[in-house]
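Novice: Below: one structure in structure tokens.
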Amino acid sequence: MLDKLNAVETKYNELLGLLGDPAVQADQTQYRTHAKALSDLEPMVERFREYKQVVSQIAQAEELARTDDEEMRLLAQEELTGLQARSTALLEAIKILLLPKDPNDEKNVVLEIRAGTGGDEAALFAADLFRMYARFAERQRWHVDVLSSNETGVGGIKEVIAVIEGKRVYSRLKYESGVHRVQRVPATEASGRIHTSTATVAVLPEAEEVDIQINEKDLRVDTFCSSGPGGQSVNTTYSAVRITHIPTGLVVSQQDEKSQIKNRAKAMKVLRARLYEMEMQKQQDAIAKDRRSQVGTGERSEKIRTYNFPQNRITDHRINFTTHRLTDVLEGAVDELLDQVVTHYNAEKLKEATAVGN
């Protein structure tokens with residue numbers, strides 16, 4: 001591992017030198033490529049350099065611990081305990097950084113939230129979840145573009161599809177896919193009885209044309225009049241678009257825009273993301289037929305999280321983690337939950353990598 005880290009540090013120094021080369025600076029494409037590679041290596045190099053510094057400090061402390069001065073020896077031993085703990089933590093962090101990168105981590109995402117069981121209450125919960133992710137995106141300075149939304153009369157959402165654009169969006173949200181459950185007393189419940197409702201969340205890496213090639217011959221495109229609020233264009237112009245991908249049977253509809261061209265572009269974005277997800281799932285099943293491990297999309301058939309309003313509690317069932325900050329989380333303070341889940345799955349990947357290495 002140390003040989004690999006030394007090679008990484010050497011590559012990092014080479015990239016630094018290249019970025020200072022006037023010839024590279026004059027070629028913006030080449031400069032951006034090297035700058036991106038440098039940025040990718042930087043976290044690992046920083047940890048490695050800190051680790052080497054701690055190892056040096058451990059050697060010094062061990063030498064002091066062998067002196068005849070009892071007070072100095074005790075101080076050195078106390079310092080050793082802290083340094084060794086820091087060394088272990090750095091090694092674990094470095095091992096995780098050395099794990100193969102998910103090629104989708106840098107991508108934007110297509111976020112789909114749908115009301116599940118529970119009628120109006122499920123739709124209200126779906127709206128709460130979308131607001132939570134939108135608030136979190138705002139905190140991260142990401143951009144949210146709603147592609148389509150099917151709202152209910154009571155302020156809920158039957159379905160919403162949005163693109164979230166920003167730095168490493170997929171790496172943060174990829175484990176959010178699944179069934180989210182809420183337990184609370186609905187506003188319409190006169191007896192105060194707690195109801196349980198669900199909503200499903202899907203986080204799909206946004207696929208570019210280079211990721212998924214779609215043959216126009218495989219598409220059936222139907223146009224129809226928009227329905228719902230929207231002014232004079234509703235039911236008068238064929239601006240709404242329905243695209244069917246014939247080989248898979250996937251159907252995507254889009255009617256939010258007054259322009260048929262814009263609706264088609266948005267529908268294609270969603271279709272491309274769904275086809276990309278299907279392709280990833282095929283690869284995943286080929287790698288592990290005996291189980292469904294996460295390769296970015298999550299396990300949707302299982303309940304992943306419960307939001308319990310009476311106890312102001314959120315429990316993530318995959319990692320047995322509970323927080324009593326439900327109000328804060330729904331306002332967008334999702335960092336703690338995401339960090340816990342990412343740490344868990346990184347640890348699982350590390351175990352698998354270690355097992356394969358042995």
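Novice: Could you grab the relative contact order for the chain? Cα pairs under 8 Å, six or more apart, rounded to a whole percent. Don't skip to the answer; put the middle values down first.
Specialist: Numbers: 559 pairs, mean separation 52.4, N = 358.
Worked out over the chain, it gives 15 percent.
Novice: Under a GNM of the chain (C-alpha, springs under 10 Å), which listed residue has the highest mean-square fluctuation: Val163, Val154, Val241?
Specialist: Comparing Val163, Val154, Val241 in a Gaussian network model of the chain, the most mobile one is Val154.
Novice: Principal axis extents for segment 2-79, Cα atoms only, whole Å, descending order, please.
Specialist: The Cα atoms of segment 2-79 stretch 62, 21, 16 Å along their principal axes.
Novice: Here's a follow-up. Could you tell me what fraction of 2.2 N^0.38 Å the Cα radius of gyration of segment 86-129 comes to, as a two-decimal ratio?
Specialist: 2.09
Novice: Go through [x] 21.8, 64; [y] 19.1, 55; [z] 25.6, 94 and flag the label whose value is the computed Rg and Dmax of the Cα atoms in Å for this structure.
Specialist: The calculated read-out lines up with [z].
Novice: May I pose another question? With a 10 Å cut-off between alpha carbons and a GNM built on the chain, which of Leu338, Leu147, Leu74 moves the most?
Specialist: Of the options given, Leu74 has the highest mean-square fluctuation.
Novice: Separate question: Taking 0.36 nm per residue of separation and subtracting the Cα-Cα distance, what length does fully extending His324 through Arg193 add?
Specialist: Answer, rounded to one decimal: 45.0 nm.
Read the figures in this text as sums done on the coordinates, not as results from a lab. From a predicted model like this one, the values you see are computed outputs, not experimental measurements.
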